[in-house]
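Engineer: Okay, handing you the structure first.
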Amino acid sequence: MFTIGFVGIDNAGKTTIIDIFSKQKLSQTIPTVGVNLEQIGFSEIDFEVNILDMGGQKHFRLLWVDYLNTVDAIIYVIDSGDHERLDETLNEFRKMLVLTEVNAVPILVLLNKTDLPDSMNAMDIGDKLSVFPELANRNWNIIETSAVTTKGLIEMFKWTYSKVTTKTIEFDVEYRESDDKKYYTPCPLLLKLNDGNYCINHDEFTQIKLVPLDSLFNSEILETEDIIKDTKEEFKKTGDKVCFNSIFVSDADEIIHCATDNSDIEVESVNASKEEYIDSYNMMHLTGGVICSECLYKILFSVLKRKIKAGIELHNDEIESVKEAEQRRSTDLSKC
Ligand code: G3D
Ligand code: MG
């Protein structure tokens, strides 16, 4: 079994990221006391790891030294939105390099919270880190992550897996090609939760009904527009949205065509990029594709927060859906 140490000053997002893998939760508000050990298994790929979550508050940093000598890889987490504490985290990073000179394992730096406005980017921080002479002989890398959109978390997983096992792994969303179009199946904008299927298109978490992609390619159906129209009408009766469980992505012009509402989405106009959506889908897949009402509430709530920050007007039904999720969450905590 391999051991990975998560290090970084307090509030960087270490526990939140670990929880996405271990508990499929999106956030954790209790600061880590001391050092926590989690064991996480990924049965699909026969991979089990110990995760050490090392408390980042000043008085716990002394504990790092003992634990760092037991790890096979280090993940150092930096809050990209916290300009004020940048010097502090760079100093701790350098101390950590010195502490691990004997056990000089690979280091991955996560520039986390890149969903925040005014966040620092990997180029700038990478430049600052690379001047440390202690880093010269180390196997290291830096990636941008977000525990909110799950951006970069697949890359983090792939990197860590390849460093500790010396094997590589691919988690690609499956797609099929027809008329030069790539149809992702299942759709990367689809979240399969235990209380239904949700479409995360346009930052909305709309509950939808699924129509298998294959019915779109059935040889008896010549006109896909017709099946979209018919099915939409059918579901109008029930008040549900219909999803064809397919997203057409045009690589050339960065346009996502959504078969749910037959619309084109410009990737720039949505909060996350196409790759981020696909990563989010992959992450769900990796963690079992299921999250409970507690987490659903957190996702919905984070969407509202992001909209408020961006100055977007909220609809009443969005607020109602968060209230509903909040209610389900309090009665459904046992599933977490
Ligand atoms: P730590 O374990 O490194 O000390 P935590 O940090 O995991 O406890 O996270 C600290 C706070 O940052 C939490 O906020 C958490 O939700 C938030 N956070 C973690 N990752 C991200 C991210 O990628 N983006 C954003 N926007 N926030 C993140 P709260 O308010 O719960 O204390
Ligand atoms: Mg913590």
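Engineer: Would you mind checking the pairs Lys113/Lys158; Lys95/Lys128; Lys298/Lys323; Lys237/Lys307; Lys113/Lys182 and listing those with alpha carbons more than 23 angstrom apart?
Structural biologist: Lys237/Lys307; Lys113/Lys182
Engineer: Sticking with this structure for a sec: Exactly which GluC sites (Glu not before Pro) in the range 64-152 are in a DSSP loop and have at most 10 other Cβ atoms within 10 Å?
Structural biologist: Sparse-neighbourhood loop GluC sites (Glu not before Pro): Glu84, Glu101.
Engineer: For labels at Arg94 and Ile319 in the simple 7 Å Cα→Cβ model, what's the distance in nm?
Structural biologist: Modelled inter-label distance: 5.0 nm.
Engineer: Determine, for Glu177, Glu275, Glu155, the number of other Cβ atoms within 10 Å of each Cβ, and report the residues in order from fewest to most.
Structural biologist: The order, fewest Cβ neighbours first, is Glu177, Glu275, Glu155.
Engineer: What FRET efficiency would be calculated for the residue pair Leu62, Ile169, taking the C-beta separation as r and a Förster radius of 30 Å, to the nearest 0.05?
Structural biologist: Efficiency at R0 = 30 Å is approximately 0.25.
Engineer: Specify whether the C-alpha gyration tensor of the range 2-165 places it in the rounded, prolate or oblate class, a ≥ b ≥ c being the square roots of the eigenvalues: rounded for a/c under 1.5, otherwise prolate if a/b is larger than b/c and oblate if not.
Structural biologist: Because its axes are fairly even, with a/c under 1.5, the range 2-165 counts as rounded.
Engineer: With +1 on each Lys and Arg Cβ and -1 on each Asp and Glu Cβ, how big is the dipole of the range 1-139 about its Cα centre, in debye rounded to the nearest 20?
Structural biologist: Dipole size: approximately 220 debye.
Engineer: Quick one: putting +1 on the C-beta of Lys and Arg, -1 on the C-beta of Asp and Glu, what dipole do you get for the range 130-198 around its Cα centre, in Debye to the nearest 20?
Structural biologist: For this selection, approximately 220 debye.
Engineer: Measuring from label point to label point, each 7 Å out along Cα→Cβ, what is the Asp10 to Asn137 span in nm?
Structural biologist: Distance between the two pseudo-spin positions: 3.6 nm.
Engineer: I want the local charge near Ala136. Using Cβ-Cβ distances under 13 Å, sum +1 for each Lys or Arg and -1 for each Asp or Glu among the other residues.
Structural biologist: Cβ neighbours under 13 Å give a net charge of 0.
Engineer: So what is the relative contact order of the range 2-165, in percent, for Cα pairs below 8 Å that sit 6 or more residues apart?
Structural biologist: 23
No lab work stands behind these numbers, since they all come straight from the coordinates. Everything numeric in this text was worked out from a predicted model, so none of it was measured. All Cβ positions, glycine included, derive from the backbone under ideal geometry; neighbour counts span all protein chains shown.
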